[in-house]
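The values are calculated or read from the model by the stated rules, or taken from the named source; none is laboratory data. Being a predicted model, the structure only gives us computed values, none of them experimental. Every residue, glycine as well, gets a Cβ built from its backbone with ideal geometry; the counts of neighbours run over all protein chains shown.
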Amino acid sequence: MPTPEVNPELCTGCSDCVEFCPTGAVAIVNGKATVVKPEACTYCTECETICPSGAIRCPFEVVLVKQENPKK
Amino acid sequence: MSSLADYLKGVPYFSALSPEEREKIAKDTLERSFDRGEVIFLEGEPCQGLYLVKSGRVRIFKSSPEGREQVLMTAAAGTTFNEVPVFDGGPNPASASALEQTTIYVVPTKTVNALLAGCPAAQAIIKLFAGRLRHLSSVVEDLSFRSVVSRLARLLLDSAVVQGGPSPVPRLTQEEMATMIGSVRDVVGRGLRALEKAGAIRIEGQRILVVDPEKLKEAR
């Protein structure tokens, strides 16, 4: 399961993301935000929203689903 | 020299030409008069040529399906308009109407393009520029007439590709989507939820699945 991307160069270890993560998936490890429980991450993007230094990105893949029975 | 050829000397497009070349252009050029409020041409129609205001004023505008209008420019005497389709070969990107009693010159597309005939590089560059200007006018149209949800829907439609297909699947954050449609992240988040509720998309983890492109096209 993909998880938010953390840029360690931008992360200040402020722990706002840890506080706001609703599933406890993020922790500060060696002073940097880290997704320590990837299985718990729901990709809700709260951490990206709250990060004051723009260190967390939650990109979405935009995928076109093939229609099995396309509408006429 | 004809009075029109002399007039063309003061028009930037033609000022660098020789008197003979300007005379040739003057011969091909048509003069048309329009009453106040009269439509000169409509968006989407084939291009007749490069327009030059002799007297009066012309409004260049985009219209929404609901009848709203966005003026792109007002052309006064001595100003040219409708360059984009002359140089990119497409239809008129906007409509034009006379703001007052107006007389215009129409220089046929073929005549304008003949000036570039000897320089394929200039032709290619100007065509590219014209295409970019056409795109920008469509951006103005979207920002003026479409809601954020509608702009987001169009972005998803334009971006979405089939997984495993020849093009890489785009990866966009909500912030990036916001900057592409002239909005902010929170509004994009709400827009995504609205589109999901409408059944146009489904959000599964980090994937936005476009499940009903027709619903995206209809998003208001």
task: Answer yes or no as to whether B:ARG134 is touching an Asp or Glu at 6+ places or on another chain (Cβ under 7 Å), under 22 Å from B:GLN48 (Cα atoms) and charged (D, E, K, R).
output: yes
statement: Condition set over 20 Å from B:ASP35 (Cβ atoms) and not basic (Lys, Arg), scope region B:64-78, selection nearest to the chain's Cα centre (by Cα): answer is B:LEU72
statement: Going through region B:86-104 in order, the residues found to be in contact with a Ser or Thr (Cβ under 9 Å, 6 or more places away or on another chain), closer than 14 Å to B:LYS62 by Cβ and crowded, with 20+ Cβ neighbours inside 10 Å are B:PRO93, B:ALA94
message: Among (1) more than 23 Å from B:HIS135 (Cβ to Cβ); (2) at pLDDT below 95; (3) among the basic types (Lys, Arg), there is one condition B:ARG36 misses while meeting the rest; what is its number?
response: (2)
message: crowded, with 19+ Cβ neighbours inside 10 Å, under 29 Å from B:GLU69 (Cβ atoms) and within 29 Å of the chain's Cα centre (by Cα): which single residue out of B:ARG220, B:ARG146, B:ARG151 fits that description?
response: B:ARG151
- request: Could you please find all residues in region B:155-200 being in a loop (DSSP other than H, G, I, E, B), of a type outside the set (Ser, Thr, Tyr) and in contact with a strand residue (DSSP E or B) (Cβ under 9 Å, 6 or more places away or on another chain)?
  value: B:ALA160, B:VAL162, B:GLN163, B:GLY165, B:PRO168, B:VAL169, B:PRO170, B:ALA200
Options B:VAL162, B:VAL84, B:VAL106, B:VAL148: the member that is among the aliphatic types (A, V, I, L, M) and modelled with pLDDT under 90: B:VAL162
message: For region B:185-211: of the residues being free of Cβ contacts under 8 Å to residues at least 24 places away in the same chain and β-branched (Val, Ile, Thr), which is nearest to the other protein chains (Cβ to nearest Cβ)?
response: B:VAL211
query: Which members of region B:154-172 meet the condition of being of a type in the set (A, V, I, L, M) and more than 7 Å from chain A (Cβ to nearest Cβ)?
result: B:LEU155, B:LEU157
- prompt: So how many residues does region A:42-62 have that are facing another protein chain (nearest Cβ under 8 Å) and not β-branched (Val, Ile, Thr)?
  reply: 7
query: Restricting attention to region B:106-123, does a residue exist that is exposed (fewer than 15 other Cβ atoms within 10 Å of the Cβ), aliphatic (A, V, I, L, M), out of contact with any helix residue (DSSP H, G or I) (no Cβ under 9 Å at 6 or more places or on another chain) and in the same structural domain as B:PHE81 (by TED's automatic domain parsing)?
result: yes
- prompt: Is there a residue being crowded, with 16+ Cβ neighbours inside 10 Å, part of a helix (DSSP H, G or I) and either in contact (Cβ under 8 Å) with a residue 40 or more places away in the chain or of a type in the set (S, T, N, Q) (or both) anywhere in region B:49-66?
  reply: no
task: Look at B:GLU214 and say whether it is buried (at least 16 other Cβ atoms within 10 Å of the Cβ), among the charged types (D, E, K, R), facing chain A (nearest Cβ under 9 Å) and within 28 Å of the chain's Cα centre (by Cα).
output: no
Single residue of B:GLU83, B:GLU43, B:GLU100 found to be closer than 30 Å to B:SER144 by Cβ and touching a Pro at 6+ places or on another chain (Cβ under 9 Å): B:GLU43
